[in-house]
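Data block below; observations after.
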Amino acid sequence: MREKWLNSLSQERLLSASRLLLTGQGQQAERELKNEYYAWLRSLSDGSSGEDLRTVKDIRENADSAQKMRLEQELLKRKRQEEKRRQKRQAHLKELAQDTYQAWKAIQSTVARGSGAAYQEACRALVDLSEAYANYRDPGTSL
């Protein structure tokens with residue numbers, strides 16, 4: 001629709017707008033051209049301007065659709081991140097289960113620091129070790 005309007009402009013009108021642009025009056029040129037364009041759209045009575053103009057309903061539907069797509073993408077991203085985190089944790093637990101002796105030594109070393117933070121760290125390590133043992137223990141070995 002804009003192309004149709006632009007093609008309908010006279011050579012003199014285009015030169016006038018160009019002069020305004022070149023003399024640093026770009027805002028005035030923009031304002032005049034936009035006003036003329038919108039007046040031209042309003043003057044159309046055959047309804048052909050409906051191609052470019054959207055209804056509020058169309059805008060709401062597009063906004064709803066865009067929001068739905070965004071939420072689906074965010075959900076997919078969260079699922080991928082969660083799966084990556086789960087795989088990383090499983091790899092950590094499997095590695096932990098392969099060398100429980102070293103894990104116990106690290107826990108004892110942490111507890112020996114004697115601070116509250118060290119006890120919390122040791123507690124998390126014990127939970128990890130317990131989960132690793134439950135999931136990956138060799139039936140013939142013990143902690």
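The values are calculated or read from the model by the stated rules, or taken from the named source; none is laboratory data. This is a predicted model, so every value here is computed, not measured. Here the Cβ positions follow ideal geometry from the backbone for every residue, glycine too, while neighbour counts run over all protein chains shown. Heads up: the accessible areas ignore ligands, DNA and RNA and are worked out on the full protein's heavy atoms, side chains in. Shrake-Rupley method; radii C 1.70, N 1.55, O 1.52, S 1.80 Å.
Rank these by accessible area, largest first, 1.4 Å probe: THR55, THR110. Display every interim value, and only then the final one.
Numbers: THR55 75, THR110 15 Å².
Correct descending sequence by accessible area is THR55, THR110.
Let me check something: with ligands and nucleic acids excluded, how do LEU96, LEU76 order by accessible area (1.4 Å probe), largest to smallest?
Largest accessible area first, the list is LEU76, LEU96.
Let's see if you can work this out: charge +1 on each Lys and Arg Cβ, -1 on each Asp and Glu Cβ, no other charges. What is the dipole magnitude of the chain about its Cα centre, in debye to the nearest 20?
420 debye
When the Karplus curve 6.51 cos²θ - 1.76 cosθ + 1.60 is applied with θ = phi - 60°, which whole-Hz ³J(HN,Hα) does each residue of the range 12-29 get, with x for Gly and Pro?
Coupling constants for the range 12-29: 5, 5, 5, 5, 4, 5, 5, 4, 4, 4, 6, 9, x, 10, x, 5, 5, 4 Hz.
Can you show me the helix-derived [θ] at 222 nm for the chain, built from DSSP H runs with n ≥ 4 at -39,500 (n - 2.57) apiece and divided by the number of residues, rounded to the nearest 500.
Helix-only estimate at 222 nm: -27000 deg cm²/dmol.
Checking the a/c ratio against 1.5 first, then a/b against b/c, what shape does the Cα gyration tensor give for the range 62-143?
Here the range 62-143 falls in the oblate category.
Under a 10 Å cutoff between Cα atoms, tell me which one of LEU129, LEU14, LEU75 has the largest fluctuation in the Gaussian network model of the chain.
Between LEU129, LEU14, LEU75, it is LEU14 that shows the largest mean-square fluctuation.
Of ALA103, ALA122, GLN90, which is farthest on the positive side of the dipole of the range 72-139, counting Cα position, with +1 on Lys and Arg Cβ, -1 on Asp and Glu Cβ, and the Cα centre as origin?
GLN90
Once you put a point 7 Å from the Cα of ALA118 and another 7 Å from the Cα of ARG78, both along the Cβ direction, what distance in nm separates them?
Going from the ALA118 label point to the ARG78 one covers 3.9 nm.
Would you tell me the accessible area of ASP64, worked out with a 1.4 angstrom probe on the heavy atoms of the protein chains, in Å² to the nearest 10?
For ASP64, the solvent-accessible surface is approximately 100 Å².
Between ARG54 and LYS88, what is the FRET efficiency for a Förster distance of 41 Å, r being their Cβ-Cβ separation, to the nearest 0.05?
Numbers: r = 46 Å, r/R0 = 1.13.
Efficiency, from the Cβ-Cβ distance: 0.35.
What are the ³J(HN,Hα) values, in whole Hz, obtained from phi via the Karplus relation 6.51 cos²θ - 1.76 cosθ + 1.60 with θ = phi - 60°, for each residue of the range 124-132 in sequence order, with x given for Gly and Pro?
4, 5, 5, 4, 4, 4, 4, 5, 4
When the chain is modelled as a GNM with alpha-carbon springs shorter than 10 Å, which of GLU95, GLU32, GLU83 fluctuates the most?
Sorting by GNM fluctuation, first place goes to GLU32.
When the chain is modelled as a GNM with alpha-carbon springs shorter than 10 Å, which of ARG78, ARG42, ARG70 fluctuates the most?
ARG42
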